[in-house]
Amino acid sequence: MTGRRPACAIARACRFALGLTASIAIAVAHAQEISVQHIHADERAAAVKFMKENPGTKIDFRVVSFQSLLESLPVQLASGEGPDISMVADWGGLSRYYLDIRPYLTAAQAAYFEREFGPILAPMRGGDTKSNAIYGMAGAVTLNGAFVNLTLFRQAHVELPPPGATWDDWAAAARKVAKATHTEMPMEMDRSAHRFASLALSYGAQLVDDQGRFVVDEGLKTAVAKFVGWHRDGTMPMDLWGAVGGTTHLDRFSDFMNGKVVFYFGGSWSLFLMDKTVGDNFDWKVVDAPCGTAGCVVMPGGGAMVGFRHTKHPRLVARYLAFLAREDNMREALARHANIPAAATIVKTGAQYPNDSERVRAALAAFTRQMPNVPERAYAFQGWRFQRAALNALTTRISQILTNELDIDTALAFVKKDVDLAIRASSY
Amino acid sequence: MGSGDRGVRRWVPWLFLAPNLAIIAVFSLLPVLVNVMYSVTGSDNLWPSERPFVGFENFSTLLECGNYFDPATCSRDLFWRAVGNAIVFVPTQVAVMIGFALVTAIALNRNIRARGFFRGVFFFPVMLSPVVVAMTWLWVLQRDGALNGVLGALGFEQVTWLTDPSRAFRWSVFVTVWAHMGFYTIILLAGLQSIPADIYEAAKMDRASPWRVFTRITLPMLKPVLLVVFILAVIRSVQTFDEIYVLTGGGPGTATKMIVHYIFDTGFAVMPRNYGLAAAASLILGAALFVFTALQMRLSRGGGNA
Amino acid sequence: MPEAATMAAGAWAFVARRRGGIRADWTDWVTYGYLLLGVVVMLAPVLWVVLSSFKSEGNLMEFPPTLWPEAARTVEVRGYPRPLPIYEVRMGNATTTLAQVRRVGIEAKMVDPARPEAGLITVPIEDAKPLREFHLGTENYRRLLASAGGTIWSSIYNTVFITVVATVITLVMNSMAAFALSKYRFRGSGAALMAILATLMVPATIVLVPIYLIVSELRLVNNVWGVILPVISTPTGVFLLRQYMLTIPDELIEAARMDHASEWRIFWKLILPLATPALAVVAIFSIMSRWNDFLLPLVILNKPEVYTLQLALAGYSDENGIQYGMLLAMTTLTALPLALGFIFLQRYITTGIASTGIK
């Protein structure tokens, strides 16, 4: 009997070893492959570089449209499908599908993430203040920004308001310039509540409270009143915010490019087009954000790269995200596609943009300079799970105020009701 | 009928019917039941298994109003604005459209040259897709468009045709009439042509004036066709969406927002999607259409046919 | 328009030839007047869009708009890579022709084409008048067809695919059902007919959400079949075909059955060819509806790769914002196939509709 027990043990050990080898073999046979999607085709370079540095891995890089990020991705994730990593524009909205990569990072890497991407990690947790999960990174952010047509100012012999000037100062200056130069529109703001939010935050609106509910406060009312006032007195054109209905997003960057507007409040993503289309036609610059009573706020935005829970290769996902977060890779990405850096170190030391014109570089520097001033409540709003519902409601209701269907108080009450309904619908 | 294996023959017609019945079962009849299911469940999930039962909550949210005449007091004010818009839009649009269609049909029915050409021209916009129709008129009506250009040449000021709520509404009526009038003209024309000529001859004998001919002879004989046209026009008008969606997007504000647009917005355009409310609104719309059609059928049968 | 002249001449001759009668002449004038006005109202906007699609972007942005497409006359100037537009400029008492390099706000920088080395001259815009000529530009179409990597071709393909496939299936399915309901007496035929006609009461607009669910369950979202399947059973089609088939004499079918022809052969080889006129009408309706479909594709198709022409047109803007020239070109292209088909098949279409109305 004693003779047989060692034999049994050996047999068992052999079977175990065989099984283990087999499963390792199978795991290796399912080659390390993940799918990554992004809206810019030039990001493929990062995937190529990763595959070169990590032979044996495969990154399936796909280009998708911004629209599908907003609409198709949530539907895919809801049915347990979708890519392993994706760019997401709605930082907090999909957080319940994100993969926490902290367990797969070393302590040093985790600390690096916290240091560089601090303000963004919080909104990605979707309002869960107790979590310390690391869901991904953002190499670049976009900021709302004020574009000014310097040539028109010069022709009108009007001085540019200095940094720290208020929205009212800029409105007055723009009106003067437009009158003198027969320009169609003094001021214009994209028909997007994301832009309006910058204005609202500058006047002290809180927008979302700690419990994740929409807030209607004096700051918001003041901002709306000012906004409506500018439409009534002709500073802003009625046929943008006032003409279309519903949640239609309209950006009028083309108006600025064609020299039809003096002061355009849009976003840093338009810089990419400035060189191509405006060229030397006129002199322009990005100015510091106009101020309200509570600060000179611009809303951040842009895409973060996150991994999803349903992935079969969490470790590889973590490695790819850490790769993207490496300083040299972030710098390369920024140079490829003129964007504002998000990582704290690069914000401090400044990024290089060898492929862009002098003016674009100056604009990016102006944006980067404003990065540290973006307050936490802006990030909190951006990462709020129901930000999209709030933006849709604001856009619709503000248009209704402009067409005299509702007054300000009723409209804001409706915004709150719309958002509350959306929260309720999602709470089941 | 006739010789052959009776047993086999009995289910052959069902074989022929099968594909059609399958499609309508899945895509027309089943959806009605599913709509009911959606309307009594909540949450923003698409899959029925993940939707909890909420009873009539969707309906009560939708129908809750402080004062039914003032949408701003309603919980879902956009729905009631759409209903309000429909209450004005449908009668106006149908009346204008049938009016013009009738006049055109009468004109085409006369002894004119190149009737085929004229008939084709009036019918032409029906062939255009709603998107093309809307784009065409957008191009003409925008601030720098042709209409303002013509007005400018005549010395008038530019007018904001589509960015003023009541003007946008009137143009919505105009554009939808423009796009669909030809269809009803053709039907009315056929109806006119089916009136026997000798009745007109008799009227001529009696030296009846054109107006009397029209009211005493033409209209009564046209009644059944007019009724069909009326029902078709109302059903289509209540469901107006495509042209107006592209033309004004429901704006300015909510001046041209229609019911189907509300359903589309609630169920598909906003995030998170509220399928329950959209389904509830759809059921209300469907019920209204059904009641309307049934009433019309009853009235037409009750009124006696010519 | 020469037509108007012949019309007027014809009307006059017709009126002059009248043999008295109850109706006075003036009603004919009113009739023709109304019809001509109708022609203008119906056709002018469409023709304006087509005409505008041949204008360049600059031409399009002008107000008041020019009637005909015009382009600035340009001249090659030494030292400038692209031809520059020419302006007639008033300087003092004389006028000279200068080429414009760029313009912002109220001043323009111009250069003398004969002496470019003399440098740029600043000219207030009110003193400059552009010199233009008639020019039918096709650049809008060229740019449209090439834009965004030619995505319009996929829209065209999708639309054509949906239209053709849906029409073929509709014709087959609906004629099968019509055959069953017209040439067979069986229990339940009334109920089946009622059921089919009842679906008239259930348009897509009121079952949007359920259709989306069902298409999702069938995994056909963002798939052209998700747009084809829900619409291939048309009650009007079945009705039309049935009415027509009822007029086909039963004796023909009996004779075929005597010859031991199978039911399918009877349907396919005998009935269908005889029903061609009705099939043609149903086909035309189907093509019209599928080409112009908007709401259902809007809900089901969310990715640009599967867009139909209507969706692409409605959502048209490329990365530089809305380019009106290309938008107009696209509108024209989208309307063109059906418009052309209409011109040739007008008679069929209008007779078909007339017969549906009188039911």
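Per-structure values
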| read-out | value |
| --- | --- |
| Helices (runs of 4 or more DSSP H) (entirely within segment A:321-425) containing at least 2 residues that are within 30 Å of A:Met51 (Cα to Cα) | A:327-336, A:344-349 |
| Condition check for B:Ser43: assigned to a loop (DSSP other than H, G, I, E, B) and of a type in the set (Gly, Ala, Ser) | yes |
| Qualifying residues in segment A:75-96 (those that are polar (S, T, N, Q) and closer than 18 Å to A:Arg62 by Cα) - the one surrounded by the most Cβ atoms within 10 Å (Cβ to Cβ) | A:Ser86 |
| B:Met37, sole failed condition from (1) modelled with pLDDT of 90 or more; (2) within 13 Å of chain C (Cβ to nearest Cβ); (3) closer than 28 Å to A:Ser399 by Cβ | (3) |
| Some residue of segment A:360-382 being within 14 Å of chain B (Cβ to nearest Cβ) and closer than 30 Å to B:Asn58 by Cα | no |
| Subset of segment A:48-59 [in contact (Cβ under 8 Å) with a residue 24 or more places away in the chain and surrounded by 13 or more Cβ atoms within 10 Å (Cβ to Cβ)] | A:Lys49, A:Phe50, A:Asn54, A:Thr57, A:Lys58, A:Ile59 |
| Helices (runs of 4 or more DSSP H) completely within segment C:268-334 that count 3 or more residues being surrounded by fewer than 20 Cβ atoms within 10 Å (Cβ to Cβ), more than 13 Å from the chain's Cα centre (by Cα) and more than 14 Å from chain A (Cβ to nearest Cβ) | C:276-292 |
| Unmet requirement for A:Ala318, which otherwise passes all of (1) in a helix (DSSP H, G or I); (2) crowded, with 18+ Cβ neighbours inside 10 Å; (3) assigned by TED's automatic domain parsing to the domain that holds A:His194 | (3) |
| Set C:Tyr87, C:Tyr141: member being under 30 Å from B:Gly120 (Cα atoms), touching a residue at least 12 places away in the same chain (Cβ under 8 Å) and outside any loop (DSSP other than H, G, I, E, B) | C:Tyr141 |
| All positions within segment C:191-242 that are without any contact (Cβ under 8 Å) to a residue 12 or more places away in the chain, crowded, with 23+ Cβ neighbours inside 10 Å and in a loop (DSSP other than H, G, I, E, B) | C:Val207 |
| Which listed residue, of C:Phe14, C:Phe63, is assigned to a helix (DSSP H, G or I) and at pLDDT below 75 | C:Phe14 |
| Among (1) in contact with a helix residue (DSSP H, G or I) (Cβ under 6 Å, 6 or more places away or on another chain); (2) within 14 Å of chain A (Cβ to nearest Cβ) - the single one B:Gly251 does not satisfy | (1) |
| Scan of segment B:130-174 for residues that are outside any helix (DSSP H, G or I) and free of Cβ contacts under 8 Å to residues at least 60 places away in the same chain, ordered by number | B:Gln142, B:Arg143, B:Asp144, B:Gly145, B:Leu154, B:Gly155, B:Phe156, B:Glu157, B:Gln158, B:Val159, B:Thr160, B:Trp161 |
| Residue check for A:Arg424: facing chain B (nearest Cβ under 10 Å), out of contact with any Lys or Arg (no Cβ under 7 Å at 6 or more places or on another chain), modelled with pLDDT under 90 and surrounded by fewer than 20 Cβ atoms within 10 Å (Cβ to Cβ) | yes |
| Residue in segment B:182-199 that is closer than 22 Å to B:Ile87 by Cβ, surrounded by 13 or more Cβ atoms within 10 Å (Cβ to Cβ) and modelled with pLDDT of 80 or more present | yes |
| Residue list for segment C:255-267, restricted to those being among the acidic types (Asp, Glu) and surrounded by 15 or more Cβ atoms within 10 Å (Cβ to Cβ) | C:Glu263 |
| Residue satisfying condition, being more than 23 Å from the chain's Cα centre (by Cα), within 13 Å of chain C (Cβ to nearest Cβ) and of a type outside the set (D, E, K, R), within set B:Val126, B:Val140, B:Val133 | B:Val140 |
| All positions within segment C:108-124 that are without any contact (Cβ under 8 Å) to a residue 24 or more places away in the chain and surrounded by fewer than 17 Cβ atoms within 10 Å (Cβ to Cβ) | C:Lys109, C:Ala114, C:Arg115, C:Ala118, C:Gly119, C:Leu120, C:Ile121, C:Thr122, C:Pro124 |
| Wholly within segment B:202-306, helices (runs of 4 or more DSSP H) carrying at least 1 residues that are in contact (Cβ under 8 Å) with a residue 24 or more places away in the chain, polar (S, T, N, Q) and farther than 30 Å from C:Thr331 by Cβ | B:275-302 |
| Subset of segment C:243-277 (residues that are out of contact with any helix residue (DSSP H, G or I) (no Cβ under 6 Å at 6 or more places or on another chain), free of Cβ contacts under 8 Å to residues at least 24 places away in the same chain and of a type in the set (D, E, K, R)) | C:Glu251, C:Glu254, C:Arg257, C:Asp259, C:Arg265, C:Lys269 |
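Listed here are the residues, each with its yes/no results for (1) within 13 Å of chain B (Cβ to nearest Cβ); (2) in contact with a Cys (Cβ under 9 Å, 6 or more places away or on another chain); (3) of a type in the set (Asp, Glu).
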| site | (1), (2), (3) |
| --- | --- |
| C:Tyr32 | yes, no, no |
| C:Val46 | yes, no, no |
| C:Ser52 | yes, no, no |
| C:Leu60 | yes, no, no |
| C:Glu76 | no, no, yes |
| C:Pro85 | no, no, no |
| C:Thr96 | no, no, no |
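Residues are listed down the side, and each one gets a yes or a no for (1) small (Gly, Ala, Ser); (2) more than 11 Å from chain A (Cβ to nearest Cβ):
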| site | (1), (2) |
| --- | --- |
| B:Ile235 | no, yes |
| B:Val238 | no, yes |
| B:Phe241 | no, yes |
| B:Ala255 | yes, no |
| B:Val260 | no, yes |
| B:Ile263 | no, yes |
| B:Tyr275 | no, no |
| B:Leu283 | no, yes |
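The values are calculated or read from the model by the stated rules, or taken from the named source; none is laboratory data. All values reported here derive from a predicted model rather than from experimental measurement. All Cβ positions, even for glycine, are placed from backbone atoms using ideal geometry, and neighbour counts span all protein chains on display.
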